[in-house]
Amino acid sequence: MLSSFTLGQYYNTTSVIHRLDPRFKLLQLIFIIAFIFVCKNFFALFLMCALVLIAMLLSKVPFRMYLRNLKVILPIVVFTAILNMLYVNQGEVVLFSWWIITVTLDGVLKAAFMVIRILLLILISAVLTYTTTPTELTDAIESLLKPLKFLGLGELVHTLAMMMTISLRFIPTLTDETDKIISAQKARGADLESGNILSKIKALLPILIPLLFSAIRRADDLADAMDCRCYSGGKGRTRMKKLVPGAKDYITTTILIVVFAAVIVVGKVF
Amino acid sequence: MQNIIEINNLTFQYDGDSPNSSAAVEGINLQIEKGSFTVILGHNGSGKSTLAKLLNGLLLPTEGSVSVDGLLTTDEKNIFEIRRKLGMVFQNPDNQIVCTVVEEDVAFGPENLGLEPSEIRKRVDSALETVDMTEYRFAAPDRLSGGQKQRVALAGILAMEPECIVLDEPTAMLDPKGRKEVIETITRLNKEKGITVILITHFMEEAENADRVIVMDSGKITADGSLFDVFSNTGLIVNAGLALPQSVELLSVLKQKGFNVKPGYISPKAAAKEIYRALKGGTL
Ligand SMILES: Nc1ncnc2c1ncn2[C@@H]1O[C@H](COP(=O)(O)OP(=O)(O)OP(=O)(O)O)[C@@H](O)[C@H]1O
Ligand SMILES: [Mg+2]
């Protein structure tokens with residue numbers, strides 16, 4: 001039941017995008033998202049479309065994987081489109097008018113603009129998650145936040161990264177366990193589906209409580225195991241893998257800067 | 001030969017404050033030789049895990065002392081050195097793997113020791129090689145079988161280059177195949193790398209390769225000797241709440257019936273040889 005749920009959605013292949021330094025990838029994503037938002041006209045948006053499309057092609061992830069992502073957000077897209085069409089009713093060219101509903105050309109264009117924005121946002125985020133393992137992302141975040149150690153927050157950053165790692169490690173384990181508990185309770189005649197909300201919540205208790213107990217037990221065991229392996233926080237700890245940026249990272253960043261500059265010029269952003 | 005572990009008059013009580021509660025481990029004196037293979041047997045709640053946790057300072061003695069390679073566990077500044085020298089593998093394979101990729105998990109210990117990246121790389125590769133898990137180095141731990149997970153946990157300990165490994169029922173949650181993989185790996189580490197092994201187990205067949213067998217009952221050591229000596233004394237095994245291995249049971253019944261056999265053989269093969277000897281007066 002829950003086993004179809006996997007964390008992150010890494011697509012295992014080798015592409016330029018896969019091999020980028022995850023820190024660069026993460027920062028590049030943040031800037032691309034920002035620029036998708038500052039686009040003011042279709043020319044600028046078209047540039048961003050081209051950029052996202054090239055990133056998708058370079059990632060070597062099949063297009064149907066991306067489509068699957070889009071399917072999930074289809075309702076939101078449709079909703080946004082309709083809302084924008086109805087809301088914007090200035091403009092001369094009236095395409096359609098009935099009762100209190102008026103659809104103008106401006107409204108349609110505005111809706112299209114918003115929809116493209118949302119699609120780009122989803123697609124470029126998918127490029128990151130398809131090409132980067134959760135572990136790489138954790139390492140990237142830890143590394144990017146490293147400068148915070150000058151504020152005395154070094155240990156906090158390490159702790160957060162460790163918590164993320166442990167969560168990623170145990171989510172599949174606990175998901176499996178939840179499945180087992182649900183089956184066990186069902187085998188004893190527990191009714192989890194029918195009834196009103198209150199009785200549904202009540203039916204969840206026999207699942208949540210064993211799960212909580214087991215999680216605490218596991219945490220206890222894991223703490224012992226980590227102690228046994230000389231864990232004592234981030235201080236004095238080294239890493240086997242060092243993130244080292246290469247030519248690919250600098251080249252992609254340069255290309256991005258050029259595209260961003262173009263967006264600013266044609267989009268008359270400032 | 002030199003001892004790696006010295007235990008003197010060790011007593012441990014979980015709720016140390018209340019004086020009338022019973023001790024989980026009581027009055028234990030024990031020395032473990034470097035390079036030896038010791039098996040500790042005992043029924044549920046006999047204090048085996050408690051003893052294991054006392055060995056590397058996860059628990060500290062209520063009375064008495066434990067030292068590893070001459071370092072006392074009660075001295076706080078020794079604790080990391082002790083834990084590096086004496087690695088520990090636990091029962092539940094899921095609950096001792098920290099990272100989401102096999103090789104990164106194996107690197108976890110050496111990373112904590114603050115070693116150079118190149119040195120960590122070397123140790124991780126060699127540890128994975130030793131437990132025969134190299135082909136799974138990029139795998140996610142939750143996709144592995146129990147036996148494979150347990151070997152990854154073992155690799156994580158090996159990468160710290162310990163002198164002694166304590167395994168607390170490492171095969172209890174595994175299927176027969178996984179059990180065999182793990183026991184074979186442990187035996188190989190002891191024989192080929194000279195690592196001292198202390199194996200806590202419920203499965204008496206796993207004592208087959210041990211130099212020494214210790215039986216625990218209510219926090220005390222009730223038998224300590226070679227495999228053959230301990231299993232010859234069947235009354236003692238039964239008294240400790242343990243079920244006799246089938247071959248030992250067969251041999252002891254034969255002995256009662258007047259056959260001239262010694263019951264101390266736990267592997268079916270050795271037992272067969274012994275019966276053959278008694279019947280035919282020769283070797284199989
Ligand atoms: N955390 C704890 N707090 C209080 N008492 C405990 C704790 N852990 C174990 N005990 C008690 O200490 C005694 C010895 O337990 P221990 O876990 O060492 O036995 P064991 O031989 O490892 O058993 P098993 O074969 O079940 O693993 C038992 O009576 C147990 O109830
Ligand atoms: Mg135990």
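Please work out if B:D69 is away from ligand 1 (no atom under 16 Å from the Cβ) and within 21 Å of the chain's Cα centre (by Cα).
Yes: the conditions hold for B:D69.
Have a look at B:I120, B:I82 and point out the one that is in the same structural domain as B:E181 (by TED's automatic domain parsing) and more than 21 Å from the chain's Cα centre (by Cα).
B:I120
Hey, does segment A:180-189 have a residue that's at pLDDT 85 or above and within 9 Å of chain B (Cβ to nearest Cβ)?
There is no residue in segment A:180-189 that is at pLDDT 85 or above and within 9 Å of chain B (Cβ to nearest Cβ).
Any residue in segment A:240-260 that is within 22 Å of A:M56 (Cβ to Cβ) sitting within a Cβ distance under 8 Å of a residue that is open to solvent by 60 Å² or more (accessible area, probe 1.4 Å) and part of a helix (DSSP H, G or I)? List the pairs, counting only those 6 or more apart or interchain.
Partner pairs satisfying both residue conditions: A:L256/A:F31; A:F260/A:F31.
Answer yes if at least one residue in segment B:85-98 is of a type outside the set (D, E, K, R), open to solvent by 20 Å² or more (accessible area, probe 1.4 Å) and more than 16 Å from ligand 1 (Cβ to nearest atom), and no otherwise.
No, every residue in segment B:85-98 fails to be of a type outside the set (D, E, K, R), open to solvent by 20 Å² or more (accessible area, probe 1.4 Å) and more than 16 Å from ligand 1 (Cβ to nearest atom).
Can you tell me which residue in segment B:21-40 is modelled with the lowest pLDDT, limited to those that are over 19 Å from the mean Cα position of the chain (by Cα) and polar (S, T, N, Q)?
Step one: list which residues in segment B:21-40 are over 19 Å from the mean Cα position of the chain (by Cα), which gives B:21-23, B:26-27.
Then drop every residue that is not polar (S, T, N, Q), which leaves B:21-22.
Values: B:S21: 70, B:S22: 81.
Among those that are over 19 Å from the mean Cα position of the chain (by Cα) and polar (S, T, N, Q), it is B:S21.
If you go through segment B:39-72, how many residues are within 16 Å of ligand 2 (Cβ to nearest atom) and assigned to a strand (DSSP E or B)?
So in segment B:39-72, the residues within 16 Å of ligand 2 (Cβ to nearest atom) come out as B:39-56, B:58-59.
Narrowing the set further to residues that are assigned to a strand (DSSP E or B) leaves B:39-42.
Counting residues in segment B:39-72 that are within 16 Å of ligand 2 (Cβ to nearest atom) and assigned to a strand (DSSP E or B) gives 4.
Determine whether A:L222 is out of contact with any helix residue (DSSP H, G or I) (no Cβ under 7 Å at 6 or more places or on another chain) and not assigned by TED's automatic domain parsing to the domain that holds A:C39. Steps first, please.
Details: out of contact with any helix residue (DSSP H, G or I) (no Cβ under 7 Å at 6 or more places or on another chain): no; not assigned by TED's automatic domain parsing to the domain that holds A:C39: yes.
No; evaluated as a whole, the condition is false for this residue.
Which of the residues that make up segment B:20-58 are near ligand 1 (Cβ under 10 Å from one of its atoms), open to solvent by less than 20 Å² (accessible area, probe 1.4 Å) and within 14 Å of chain A (Cβ to nearest Cβ)?
Once the filter is applied, which keeps residues that are near ligand 1 (Cβ under 10 Å from one of its atoms), open to solvent by less than 20 Å² (accessible area, probe 1.4 Å) and within 14 Å of chain A (Cβ to nearest Cβ), segment B:20-58 yields B:T50, B:A52, B:L54.
Looking at (1) more than 14 Å from every other protein chain (Cβ to nearest Cβ); (2) within 16 Å of ligand 1 (Cβ to nearest atom), can you tell me which one B:I198 breaks?
Of the numbered conditions (1) more than 14 Å from every other protein chain (Cβ to nearest Cβ); (2) within 16 Å of ligand 1 (Cβ to nearest atom), the odd one out for B:I198 is (1).
Tell me which residues, restricted to segment A:144-179, are away from chain B (no Cβ under 14 Å) and within 19 Å of the chain's Cα centre (by Cα).
A:L144, A:L145, A:L160
State whether the residues of segment A:192-205 include one that is within 14 Å of chain B (Cβ to nearest Cβ) and either buried (at least 16 other Cβ atoms within 10 Å of the Cβ) or modelled with pLDDT of 90 or more (or both).
no
Give B:V238, B:V253 a once-over and let me know the one that is open to solvent by 60 Å² or more (accessible area, probe 1.4 Å) and not assigned by TED's automatic domain parsing to the domain that holds B:G27.
Exactly one of B:V238, B:V253 is open to solvent by 60 Å² or more (accessible area, probe 1.4 Å) and not assigned by TED's automatic domain parsing to the domain that holds B:G27, namely B:V253.
Among A:T175, A:T138, A:T165, which is the only one that is more than 20 Å from A:M240 (Cα to Cα) and either among the hydroxyl-bearing types (S, T, Y) or at pLDDT 85 or above (or both)? Before the answer, list the steps.
Numbers: A:T138 fails: more than 20 Å from A:M240 (Cα to Cα); A:T165 fails: more than 20 Å from A:M240 (Cα to Cα).
Only one candidate passes the filter, namely A:T175.
What number of residues within segment B:160-178 are more than 16 Å from ligand 1 (Cβ to nearest atom) and either open to solvent by 40 Å² or more (accessible area, probe 1.4 Å) or within 13 Å of chain A (Cβ to nearest Cβ) (or both)?
Looking only at that region, the number is 9.
Could you list, in sequence order, all residues of segment B:59-93 that are under 23 Å from B:V215 (Cα atoms) and touching a Ser or Thr at 6+ places or on another chain (Cβ under 9 Å)?
Taking segment B:59-93 as the starting set, the residues that turn out to be under 23 Å from B:V215 (Cα atoms) are B:59-68, B:86-92.
The answer is B:L59, B:L60, B:P61, B:T62, B:E63, B:G64, B:S65, B:V66, B:S67, B:L86, B:F90, B:Q91.
Of all residues in segment B:113-143, which are part of a loop (DSSP other than H, G, I, E, B) and open to solvent by 70 Å² or more (accessible area, probe 1.4 Å)?
B:E116, B:D132, B:R137, B:F138
Please determine, by comparing only the residues of segment A:211-241 that are of a type in the set (A, V, I, L, M, F, W, C) and assigned to a loop (DSSP other than H, G, I, E, B), which one is surrounded by the fewest Cβ atoms within 10 Å (Cβ to Cβ).
A:M240
Does B:D224 satisfy the condition of being open to solvent by 30 Å² or more (accessible area, probe 1.4 Å) and closer than 13 Å to B:V39 by Cβ?
Taking the combined requirement at face value, the residue satisfies it.
What pairs can you find where one residue is in segment B:103-119 and over 23 Å from B:A139 (Cβ atoms), the other is open to solvent by 10 Å² or more (accessible area, probe 1.4 Å) and not hydroxyl-bearing (S, T, Y), and their Cβ atoms are less than 6 Å apart, with a gap of 6+ or different chains?
As it stands, the answer is B:G114/A:G236, since those pairs meet every condition given.
The values are calculated or read from the model by the stated rules, or taken from the named source; none is laboratory data. Predicted model, so just to flag it, every value in this text is computed and none were measured. Using ideal geometry, Cβ is built from the backbone for each residue, glycine included, and neighbour counts are taken over all protein chains shown. For the accessible areas, the whole protein counts, side chains as well, though only heavy atoms, and no ligand, DNA or RNA atoms are used. Shrake-Rupley method; radii C 1.70, N 1.55, O 1.52, S 1.80 Å.
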